[in-house]
Amino acid sequence: MKCQPGTLRWSYILKQMADRVDAVDGYPARVGGIWTREKLVYLRKYAHAFMVAMAPKRADGKWARLVFVDLLCGPGVDVITGIEERGSPLIALDTTPQFDRLFLSDIEPESVAALEHRIPPHDVARVDIAVGDCHVRAQHVVSTLAWGDLGFAFLDPEGFEVTFEVFRTLAQRRIDILFLFPSGIGIKRNLALFAQRADDTPMDRLWGNRMWRETPIVRLLAGETLSQSEAEGLDQSWVQAFCGRIATLGYIHHDATPPLRNDQRVPMYHLLFFSKDAAGLQIWRNIGRIEPSGQRRMF
């Protein structure tokens, strides 16, 4: 399934155009909020910890290759509160020990062109980069990976580009996933509209079925009365319901960050981590003990 340019898709494209600037090098950059910096901190920390833990296992033959997957990579530079910062694909390229192979793609040609200019010549050989729909590129990644490869995928949509089919495809291989999940005020505004529709909505496609309509938060939006415990745990219940859905693909080890907030402290997203192995979850929880703010996380 491709990310078709429906009404919602075009609204996100128009927003991206309004929020895009040129970086110092003259190529496009994406404008982000403070939550962007936080998610990149988590990404950087996990990528490094993942490689430190898994790189020695290449020598003993447990893993043939260690790979990074970014199917919505963007141009590689983000402008956050007026400061240029390296985006997810360049963070992965910087990671040491090094990934053996990086699969990078974006549906927007100008973003891919900008990123190609930003990849150092000595790294070009280990990068598979292309313009492409995230679903098609996920299939390409899976077809390329051998059973002895281990991957780490970062899924960072700006809208509803990612559907359940991407997770289903990646689940065919050993690939840990870090996913920016829409759980804050923006998605709650959309949920009321989606819940009123009988057709196939972007949330149906992300969930892979219509069961999200039975979650407490959607029932509340539909006018039902919830118990006190349900009302107090709306946000967390929404996150856990989606984690449970992805667990049906074999990703039984999962966790979520505290909500990523905007500069008004309004919750925007959660970063969700998925792994098929308890070792991946342990690495994630170890790096998450200290939040990007420096505050110790309570489990």
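The values are calculated or read from the model by the stated rules, or taken from the named source; none is laboratory data. Here the structure is a predicted model, which is why all the values come from computation and not from measurement. Positions of Cβ are generated from backbone atoms using ideal geometry, with glycine treated the same way; all protein chains shown enter the neighbour counts.
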Selection count, region 268-286, where residues are buried (at least 18 other Cβ atoms within 10 Å of the Cβ) and not β-branched (Val, Ile, Thr): 12
Among all residue pairs at least 6 apart or on different chains, which show Cβ distances below 6 Å where the first residue, located in region 166-181, is of a type in the set (Asp, Glu) and the second is crowded, with 23+ Cβ neighbours inside 10 Å? 176/152; 176/275; 176/280
In region 117-156, anything in a helix (DSSP H, G or I) and acidic (Asp, Glu) is listed as 123
Of the residues in region 220-251, those that are at pLDDT below 95, aliphatic (A, V, I, L, M) and in contact with a helix residue (DSSP H, G or I) (Cβ under 9 Å, 6 or more places away or on another chain) come to 220, 221, 222, 226, 231, 234, 241
Residue 114 being surrounded by 20 or more Cβ atoms within 10 Å (Cβ to Cβ), in a helix (DSSP H, G or I), of a type in the set (A, V, I, L, M, F, W, C) and touching a helix residue (DSSP H, G or I) at 6+ places or on another chain (Cβ under 9 Å): no
Which one is surrounded by the fewest Cβ atoms within 10 Å (Cβ to Cβ) among residues in region 144-191 that are under 23 Å from residue 108 (Cβ atoms), out of contact with any Leu (no Cβ under 8 Å at 6 or more places or on another chain) and modelled with pLDDT of 95 or more? 144
I want to confirm something. Restricting to region 66-93 and keeping residues that are surrounded by fewer than 16 Cβ atoms within 10 Å (Cβ to Cβ) and not polar (S, T, N, Q), which single residue is farthest from residue 144 (Cα to Cα)? 82
Of (1) modelled with pLDDT of 95 or more; (2) under 30 Å from residue 277 (Cβ atoms); (3) surrounded by fewer than 18 Cβ atoms within 10 Å (Cβ to Cβ), residue 122 satisfies every one except (2)
For region 16-67, how many residues are free of Cβ contacts under 8 Å to residues at least 24 places away in the same chain and closer than 17 Å to residue 262 by Cα? 1
Identify all residues within region 153-175 that are closer than 21 Å to residue 98 by Cα and either over 11 Å from the mean Cα position of the chain (by Cα) or of a type in the set (Lys, Arg) (or both); write none if there are none. 173, 174, 175
Could you run through region 236-280 and say how many residues are assigned to a strand (DSSP E or B) and in contact (Cβ under 8 Å) with a residue 60 or more places away in the chain? 12
